[in-house]
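Below is one structure, written out as C-alpha cells; comments come after it.
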Amino acid sequence: MIKEFYDYFNNKVFFTFEEGLFNKDTKHVLVIPQINNGWLLTRHKERGLEFPGGKVEPGETLEGAAHREVYEETGASLSSLVKIAEYMVMNHAESFVKAVYWAKVEKIEQKPGYMETDGPQIIKGNLEELRFQSEYSFIMKDQVVGECLQYIEKNLK
C-alpha cells in the first residue's frame, strides 16, 4: 500500500512500508538509529536536528550508504540495520526515492569532524512530540518520520 501526502515544501510524497514499488532507483538513505533508551540524531549546520542520511555513492549499496552516513555524521557504528520503508518525493526539478532504515547503535566514537553536521545528538523523550520544535530540521517534521516512528514503536522495539 502506498500513502500519498505532501512534505514541508509542498512536494508530493509517495510512502510505503513495502519494497520495490517505485520504478526508480533508490539513491538516498535515511537512518533512524536508537541508542539505549534514546534516539541518535545529528545537528545539521543549516537545517538543525535530524536523523543521519544522504546520497548513495557510485558502487555503494544502500546498506553501505546507511552505515557510512551514520558514521560520517555521528561517529556511530551500528550493530543492526533493518530496512523499514521507501518513499518517493516529486518536486519541480526531479523526483527521487529514499530508503528508510531503523538501526541500533553499537558505539559512538569521537571524531575530529562530522562532515556537514556538528556530530552526534542523543535525544531522550517523546520524539513524536519533540520533532516539531524549532531546533529540529524540516525533515523531522514530515509525515515520513511520523509514520516510521509509529512503525518502529509497534513492530521493532
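General remarks:
- Which listed residue is free of Cβ contacts under 8 Å to residues at least 12 places away in the same chain and either of a type in the set (Gly, Ala, Ser) or exposed (fewer than 14 other Cβ atoms within 10 Å of the Cβ) (or both), from 94, 109: 94
- Residues located in segment 6-27, provided they are loosely packed, with under 14 Cβ neighbours inside 10 Å, assigned to a strand (DSSP E or B) and not basic (Lys, Arg): 6
- Segment 90-120: number of residues that are at pLDDT below 95 and among the aliphatic types (A, V, I, L, M): 3
- Applying the set (1) assigned to a strand (DSSP E or B); (2) in contact with a helix residue (DSSP H, G or I) (Cβ under 7 Å, 6 or more places away or on another chain); (3) closer than 25 Å to residue 155 by Cα to residue 120 leaves exactly one unmet item: (3).
- Segment 129-157 residues that are farther than 19 Å from residue 2 by Cα, paired with ones that are assigned to a loop (DSSP other than H, G, I, E, B) (beta carbon under 7 Å, 6 or more apart): 137/47; 138/8; 138/47; 139/47; 140/131; 141/8; 141/131; 141/132
- Residues satisfying the stated conditions in segment 134-157, i.e. under 16 Å from residue 49 (Cα atoms) and charged (D, E, K, R): 135, 141, 142
- All positions within segment 82-101 that are within 17 Å of residue 55 (Cα to Cα) and under 12 Å from the mean Cα position of the chain (by Cα): 83, 85, 86, 87, 98, 99, 100, 101
- Number of positions in segment 40-72 that are acidic (Asp, Glu), touching a residue at least 40 places away in the same chain (Cβ under 8 Å) and closer than 20 Å to residue 149 by Cα: 2
- The single condition among (1) in a helix (DSSP H, G or I); (2) within 17 Å of the chain's Cα centre (by Cα) that residue 132 does not meet is (1).
- In this structure, residue 41 does not qualify as of a type in the set (A, V, I, L, M, F, W, C), touching a Lys or Arg at 6+ places or on another chain (Cβ under 7 Å) and outside any loop (DSSP other than H, G, I, E, B).
- A count restricted to segment 45-61 and to residues that are over 19 Å from residue 97 (Cβ atoms) and in a loop (DSSP other than H, G, I, E, B) stands at 3.
The values are calculated or read from the model by the stated rules, or taken from the named source; none is laboratory data. Values in this document were obtained by computation on a predicted structure and should not be read as measured data. Backbone-built Cβ (ideal geometry, glycine too); neighbour counts: all protein chains shown.
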